[in-house]
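K.L.:
Starting off with a structure, shown below.
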Amino acid sequence: MERPTHSTAGPLALLYAALIVYASLFPFTGWRDQGIVPWAYLRAPWPRYWTGFDLAVNVAGYVPMGLLLALALLRTRRAGVAVLLAAGAATALSFSMECLQSYLPMRVASNVDFAFNTAGGWLGALLAWALARLGAIGRWEQVRTRWFGRQARGALVLLALWPVGLLFPMPVAYGMGQVYERAEEALAEWLMDTPFLDWLPVRDIELQPMLPWAAAASVALGALAPCVLGYTLVAPRARRALFALAALVVGLAVSALSAALSYGPANAWAWVTPAVQQGLPLATVGAAALLPLPPRACAAALAVILLAQLGLLNSATPDVYFASTLQKWEQGQFIHFYGLSQWVGWLWPFAVLVWLPARLFDRNPMPAPPAP
């Protein structure tokens, strides 16, 4: 009897719930009690100022939550039960977030938001039910097993998170994991006025902006990383080539979307600097060169790629121009929804490095690529 594949919908639903919590409660400061019950917003009149866009965003924001939860539950529950549980969980999450917003001075609890968030959760759950009835889920399971195998959940979750991390503007395109300077500053702030501050290592030389060749190399390594991550699952060379092409196209599209959301549609391609123009062809060549490697060797190569990129990124500091534009971006309207993508971008390479040993030392042998 074949073992069932492990669903990626469950972990993705939990991560999406974390995104909703972050977006709903940011900036997590100024908590106060207004002297009313937190669910008082349910009895409030319809707000005087609202737009169709606001309502659409409230619905759309919870559709993935209901969809992912229902997809995860459909594997172990009857369709009706899965839909009810998924929609109920989305409703409970929205209700809790609106209640907590009543304690935040910068947020406003709204019965309209709650109603349309709930509608989005129900819509997503019903969409999952419809996909199951149409057989789309079963066909996806077949495609997933044929392309990636049955033990691919961890890698597929990481691959799904990679474009999320690209949504937040970066000093260097595809430069995930540049955390050293910020972590150093945060640690110094936390240890301020404590004897432990003296234990903090002090750098003799200030970090400098990245040199052009290092920026191009970082772009190449960052764009290559998801391709090689896919190679640890996909064995046939033709499929690897298609996967690498898809990963590179997704990276281009999401990076353009990030620039458009951050700086306006007219600047959607402003991120394509000389470093990007040099780095992306290098990534394409690297992806082609690694096609023949067996999956276990690809896992080892991925570790080298990530460590090399992290070394380049964390030995440099963002330039002044990026720091000023980022400060303006952080004050804009997208920070509430996309702020968590910054954390994904910071932590994604480290999450892959944590996952890689399990892949390298997996008792189940990795498939070897067939002879051309």
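The values are calculated or read from the model by the stated rules, or taken from the named source; none is laboratory data. Small disclaimer: the values here were computed from a predicted structure and weren't measured. All Cβ positions, glycine included, derive from the backbone under ideal geometry; neighbour counts span all protein chains shown.
K.L.:
Which residue pairs have Cβ atoms under 7 Å apart, sit 6 or more places apart or on different chains, and have a first residue in segment 284-297 that is basic (Lys, Arg) and a second that is part of a helix (DSSP H, G or I)?
P.N.:
296/360
K.L.:
Something else now. Has segment 212-230 got any residue that is free of Cβ contacts under 8 Å to residues at least 60 places away in the same chain, buried (at least 17 other Cβ atoms within 10 Å of the Cβ) and within 21 Å of residue 345 (Cα to Cα)?
P.N.:
No, the conditions are met nowhere in segment 212-230.
K.L.:
Could you grab me the full set of residues in segment 107-166 that are closer than 19 Å to residue 70 by Cα and within 22 Å of the chain's Cα centre (by Cα)?
P.N.:
117, 120, 121, 124, 125, 128, 140, 144, 153, 156, 157, 160
K.L.:
Can you find a residue in segment 38-49 that is closer than 26 Å to residue 159 by Cβ, of a type in the set (A, V, I, L, M, F, W, C) and at pLDDT 80 or above?
P.N.:
For segment 38-49, residues closer than 26 Å to residue 159 by Cβ, of a type in the set (A, V, I, L, M, F, W, C) and at pLDDT 80 or above: absent.
K.L.:
Can you tell which of 290, 356, 306 is at pLDDT 90 or above, within 19 Å of the chain's Cα centre (by Cα) and under 19 Å from residue 221 (Cβ atoms)?
P.N.:
Just a single option satisfies the conditions, and that option is 306.
K.L.:
Additional query: Taking the options 62, 103, name whichever one is in contact with a Lys or Arg (Cβ under 8 Å, 6 or more places away or on another chain) and either assigned by TED's automatic domain parsing to the domain that holds residue 26 or buried (at least 22 other Cβ atoms within 10 Å of the Cβ) (or both).
P.N.:
103
K.L.:
Tally the residues that are modelled with pLDDT of 85 or more and small (Gly, Ala, Ser), restricting the search to segment 138-172.
P.N.:
2
K.L.:
How many residues does segment 98-147 contain that are in contact with a helix residue (DSSP H, G or I) (Cβ under 7 Å, 6 or more places away or on another chain) and under 17 Å from residue 55 (Cβ atoms)?
P.N.:
Within segment 98-147, the first condition is being in contact with a helix residue (DSSP H, G or I) (Cβ under 7 Å, 6 or more places away or on another chain), and the residues that meet it are 98, 100-102, 104, 107-111, 113-114, 116-129, 131-132, 137, 147.
Narrowing further to those that are under 17 Å from residue 55 (Cβ atoms): 98, 108-111, 113-114, 116-124.
The number of residues fulfilling the criteria is 16.
K.L.:
Here is a check on your reading of the model: is residue 93 assigned to a helix (DSSP H, G or I), crowded, with 20+ Cβ neighbours inside 10 Å and assigned by TED's automatic domain parsing to the domain that holds residue 136? Show your work before the answer.
P.N.:
Numbers: assigned to a helix (DSSP H, G or I): yes; crowded, with 20+ Cβ neighbours inside 10 Å: yes; assigned by TED's automatic domain parsing to the domain that holds residue 136: yes.
So residue 93 passes the test.
K.L.:
How many residues does segment 286-296 contain that are touching a helix residue (DSSP H, G or I) at 6+ places or on another chain (Cβ under 9 Å) and in a helix (DSSP H, G or I)?
P.N.:
5
K.L.:
Within the set of pairs 6+ apart or on separate chains, which have a first residue in segment 123-143 that is more than 15 Å from residue 8 (Cβ to Cβ), a second that is surrounded by fewer than 17 Cβ atoms within 10 Å (Cβ to Cβ) and among the polar types (S, T, N, Q), and C-beta atoms under 7 Å apart?
P.N.:
Correct list of pairs: empty, since none qualify.
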